[in-house]
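What follows is one structure encoded as C-alpha cells, with my remarks underneath.
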Amino acid sequence: MLDMIFLEHFGITDAGKVRQNNEDSLLLGEGRDPTLFAVADGIGGFEAGEVASSIAIEVLKGMGPDESFDSAIQEANRRILAAAREDERRQGMGTTVVAMRFSGSQEQPEAEIAHVGDSRAYLLRDGNLRPLTEDHSLVAELVKSGDLTRDEAAEHPQKNLITRALGAEEEVEVDISTLPVGAGDTILLCSDGLSDMVSEEEIQRILTESSDDLEKAGRRLVSAALEAGGTDNVTVVVASVREQEEAPADPPRRAEDTTEFGPIVPAADHGGRSSNRKVSTATRDPQKARRARSEARRRRRKRARRVGQALAALVRGLAALVVVAALLSPIYIWGNSRYYLSFQNGEIIVHQGLPYTVGGVKLNKVSERTGLKKSQVKGPYRNQIQKHRLYTKDEVTKILRDLRRS
Ligand code: MG
C-alpha cells in the first residue's frame, strides 16, 4: 500500500486590540493552485494597506501551478503601483508578502517559499522551529552585519522598518527558496503581528503542543499575540505535511471543511490515478470567526479611552518610523529619496538620506561636493543648511543654481 502524503492547513487573521482595520490578507489554497498559501501585510493610510495586501493575494490566487512566484509577485507589484497612481489617497501604499506552495514528487515533496518584507515563514520539524525567511528590514540588515544579535533585533525600536515591499518601486526583489519536506513537517506563515508579539520559543511551544490540531495551534498563536498586547493585525497560516498508509475509506472527519483537489494532487481514491498526494483544507469557521470578532470589539470598546491615547502615540511613533524608513539610505522604501546640505570645511556638501545615525547605521551618504563656499551663502539658505533641512533632488538643484548665480 502506498503511503499518502497530504496537506492539512488552517489560517486565521485578527485585527488585534489596537488597530481599527485589518490590513493583513491571506490565501488558504482557494486559488488556482490549491497548494498555495500566503500572508500579506499592507501598509498605507485611508485603508490603502488593505487594498495593497488584497491586490497581492488576488494576484497569487490567479497564479497557476506552472507560474513562477517571481512573475506573480512582480505582477502584484505593478498592479499595486498602478492602483496607487489612480487614487492619491493610496499613494505610498504597499504590502509585504510571504507565500508557499507545495510541489515535488511523492518520494520528495517540496515546499517553495517566496517573500518580500518582514512577514515570515517558519518550519517546525521534530519539535524545533527554524526560520525559513530573512526579514527585509533594517534590523535584519544589522543582524547580518553583526551589529545586533537576533535577540537584540527582536527588541529594537526600529524593528518595523522594512527595506523591501510591494508597491515601493517598479521592480521588487523577491527571495525564493525551495525546501524538501516530509511527513510531520509544519510550515507557519505569519505577519509581524505574531512575530513581534510572541517569542520564537513560545511559537515553537504552541506549535509543538498543538501539532495534531492545526486549528487549535492557529487560534492559540493568535491568542498569544493578543494577550501580549495585540498592537498590530495578526495573521497565521499553518500547513502540515501528513502521511497515511492508505487512502481513507471514510469521508474526511469535517467533510464541510475539507476539500480535495484531484487535478493537482489526485488522491488514490479519486480518479484512480497512481499519483497519490492529496490536499485537504480546513477553512475557518465563519461563526467562530464572528464570535471572535465581536469579542474583540467588546474588548476594544472597554479599552477605548486608554487605547485611544496609546494609539495616538503609536500612530505618531509609526509615522515617524515610516518617515525614517522612507528616507533610509542606501535603503529606500517609499518613493523619493531625500537630500540635505551641510557645511564641511567651509564647503557645501549635498547628502542623500537623513542626517541621522540609527543603531550605528548612517542614514546618509555624500551625493555631491559642490565646490561652493560657506561664505557665499547668505540669508535663509544658511540657516536651512545648518539645520539640515530636507529637500527633494529638484529643490537641491534649484538651491545650488541660485547660490551659483548670486
Ligand atoms: Mg503588521
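Structural remarks
- For residue 17, the aspartates and glutamates whose Cα comes closer than 12 Å to its Cα, not counting residues fewer than 8 places off in the same chain, are 227, 232, 295.
- Whether segment 134-228 is rounded, prolate or oblate, judged on the alpha carbon gyration tensor where a/c under 1.5 counts as rounded: prolate
- Formal net charge of residues neighbouring residue 405 (Cβ-Cβ distance under 15 Å; K, R +1; D, E -1): +4
- Remark: spin-label model distance residue 387-residue 58 equals 4.4 nm, labels positioned 7 Å along the Cα→Cβ axis.
Where a number appears in this text, it was derived from the coordinates with a stated rule and is not lab data. The structure displayed is predicted, hence computed values, not measured ones. Positions of Cβ are backbone-derived with ideal geometry, glycine not excepted, and every protein chain shown enters the neighbour counts.
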